[in-house]
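Each remark here refers to the structure printed beneath this line.
Nothing in this text is a laboratory measurement; each read-out follows from the coordinates by a stated rule. All values reported here derive from a predicted model rather than from experimental measurement. Because the Cβ atoms are built from the backbone with ideal geometry, glycine has one as well, and the counts that use them run over all protein chains shown.
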Amino acid sequence: MSFIIIQVTYPNLKETKKAIFHLLQKNLISSANYFPIKSASRWTGKIKEVGQITTFLKTRKENWEKVKSEIQKIHPYKIPYIAKFNVEASKEYENWIRKQTK
């Protein structure tokens, strides 16, 4: 069994925690890591550099669409960054993810 990590960026810690705890309460993710980053992009014709919080959400592969949908419902950005990575870990850790999610 492998699993996925979903990376999402948020504008601040408040929005980050709101999303993480929402997903944890729904048993859609087993855990999350989050930390501050700097992002540079072109938005509305201008190049901007901003501080953000990035998250790594761990879950089952089959939860991808559900998690993505829940994030889109509550995310403050018009076009949020939501990316999926297929990963493998120790059998014990993968089993723990499966037990923590539905």
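Per-residue 3J(HN,Hα) values for the range 72-89, derived from phi via the Karplus relation 6.51 cos²θ - 1.76 cosθ + 1.60 with θ = phi - 60°, read 4, 5, 10, 6, x, 7, 5, 10, x, 7, 9, 10, 10, 10, 7, 9, 10, 9 Hz in sequence order (x marks Gly and Pro). Restriction of the GluC sites (Glu not before Pro) in the chain to DSSP coil positions whose beta-carbon has at most 13 other beta-carbons within 10 angstrom yields Glu88.
Inter-label distance, Lys84 to Lys66: 1.3 nm, where each label sits 7 Å from its Cα along the C-beta direction.
Along the axis of the charge dipole computed for the chain (Cβ charges of +1 for Lys and Arg, -1 for Asp and Glu, origin at the Cα centre), the listed residues Pro36, Pro11, Phe85 are led at the positive end by Pro11. Where (i) 1.07; (ii) 1.02; (iii) 1.12 are the candidate values, the label of the one calculated here for Cα Rg over 2.2 N^0.38 Å is (iii). Backbone N atoms of the range 1-17 closer than 16 Å to the 7 Å Cα→Cβ label point of Asn33 belong to residues 3-9.
Note on Lys73 and Ser41: the model spin-label points, each 7 Å out from Cα along the C-beta direction, lie 2.3 nm apart.
Over 32 Å between Cα atoms: which of Lys18/Lys99; Lys18/Lys48; Lys38/Lys91; Lys26/Lys46; Lys18/Lys38 fall into that group?
Beyond 32 Å: Lys38/Lys91; Lys26/Lys46.
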